[in-house]
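In what follows, a structure is listed as structure tokens, so that the remarks can point back to it.
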Amino acid sequence: MTARRPAVAGRFYPDDPSILAATVDDLLANARDGRRATAAVGDAPKAVVAPHAGYMYSGPVAAHAYVPVEARRDRVERVVLLGPAHYIPTRIALSGADAFVTPLGVVPVDASARVLLAGADQVLVDDAAHAPEHSLEVQLPFLQRVLDGFTLVPIVVGQATDDAIAAVIDALWGGPETLVVVSTDLSHYLDHDTAAAIDRETAAAIVRRDAAAIGATAACGARPLRGLLLAATRSGLDVELVALRDSSDAGGPPDRVVGYGAFALR
């Protein structure tokens, strides 16, 4: 078995399995306690958007994205996970690995997705792009704690068109057995007040599914996010803003913040 090993365990999140499980569970419990009662228990999302920084900064917001997913714990069989390429230039990069490994265990990769997408526009298998990438990896412990078990379709997105990304999401959309997750942070390295204003505008564009309004500086995962919004529009999903904060809310310096948003699509 070929496995993609963790690249940021011990840096972005704990590498000790028991500490990691407790950390994620505490983040989920806090989010659960603070969740606004806007959806029925059975009204679980088809897709979510979650941030991907170190857990001490973005973990509380990411947890807000995953609490609604718990209602699908025993129904989700496959997770389509898309995040931006931070390190290696690529297009729409699938993984050739059989599994992704975290300190919490092994997540099998859905190899059938590679077959389904073979020859699709701008799609390739690129394990070099996956090897150092944190945008997908940091989502996995949350998924491992809120779902009973699942296969993974990991996709690192680089220079690709919105239409090509949306076509990949459409092809993998499936039914209630499939959850789609887009991993993205929002604005980067602005002061708190400026970032808050920009992030509110970005969040409003996401909620109204206005993909064209989301530029590269509004979200590091703008490309997979825009692709998801195009797919969501075609499927008639509504988007709910679940949480919106930045790194200064978690103790980071207020003059150089990163914005974090959590969204649920139903």
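The values are calculated or read from the model by the stated rules, or taken from the named source; none is laboratory data. Because the structure is a prediction, the values reported are computed rather than measured. All Cβ positions, even for glycine, are placed from backbone atoms using ideal geometry, and neighbour counts span all protein chains on display. What goes into the accessible areas is simple: the full protein's heavy atoms, side chains included, and nothing from ligands, DNA or RNA. Shrake-Rupley method; radii C 1.70, N 1.55, O 1.52, S 1.80 Å.
Classify region 76-147 as rounded, prolate or oblate from the Cα gyration tensor: take a ≥ b ≥ c as the square roots of its eigenvalues, call it rounded if a/c is under 1.5, otherwise prolate when a/b beats b/c and oblate if not. Since a/c reaches 1.5 but b/c is at least a/b, the shape of region 76-147 is classed as oblate. Please report the antiparallel percentage of DSSP beta bridges with both residues in region 13-157, rounded to the nearest 5. In region 13-157, DSSP labels about 40 percent of beta bridges as antiparallel. For region 168-231, the Kirkwood estimate of hydrodynamic radius, built from reciprocal distances between every pair of different alpha carbons, is 12.6 Å. As a rough guide to protection, the peptides 11-22, 196-207 ranked by mean Cβ packing within 10 Å, highest first, stand as 196-207, 11-22.
Shape verdict for region 134-266, please, from the Cα gyration tensor: rounded (a/c under 1.5), prolate (a/b greater than b/c) or oblate. Note, shape of region 134-266 comes out prolate. The amide H of Val109, built 1.01 Å from its N in the peptide plane, has Ala99, Phe100, Leu152 as neighbours under 5 Å, considering only residues 5 or more places off or on other chains.
Within a Cβ distance under 15 Å of Arg11, other residues only, what is the Lys/Arg minus Asp/Glu net charge? Overall, the nearby charge balance is -3.
For region 142-203, the alpha carbon convex hull comes to 149 Å³ per residue, rounded to a whole number.
Summing -39500 (n - 2.57) over the DSSP H runs of n ≥ 4 in the chain and dividing by its residue number, what mean residue ellipticity at 222 nm do you reach, to the nearest 500 deg cm²/dmol? The helix contribution divided over the chain gives -10500 deg cm²/dmol. Counting only protein heavy atoms and a 1.4 Å probe, the chain has 39 square angstrom of accessible area per residue.
Look at the alpha carbon pairs under 8 Å that are at least 6 residues apart: their mean separation over the length of the chain gives a relative contact order of 27 percent. Per the 1.4 Å probe, what fraction of the accessible area of the chain, in percent, lies on carbon and sulfur atoms? For the chain, the apolar C and S fraction of the accessible surface comes to 53 percent.
Using bins of 10 Å that start at zero, the share of Cα-Cα pairs per bin across region 58-111 amounts to 16, 40, 39, 5, in whole %. Just to compare against my own numbers: the Cα pair-distance distribution for the chain, 5 Å bins, whole % per bin, please. Binned Cα distances yield the sequence 1, 6, 14, 19, 22, 19, 13, 5, 1, 0. Both radii are taken from the alpha-carbon atoms of region 209-266; with Rh as the Kirkwood radius, Rg/Rh is 1.05. The mean sequence distance of close C-alpha pairs (under 8 Å, at least 6 residues apart), as a share of the length of region 1-122, puts its relative contact order at 36 percent. Can you classify region 91-132 as rounded, prolate or oblate using the Cα gyration tensor, where a ≥ b ≥ c are the square roots of its eigenvalues, rounded means a/c under 1.5, and otherwise it's prolate if a/b beats b/c and oblate if not? The shape class here is oblate. Across region 1-134, the volume of the C-alpha convex hull divided among the residues equals 130 Å³ per residue.
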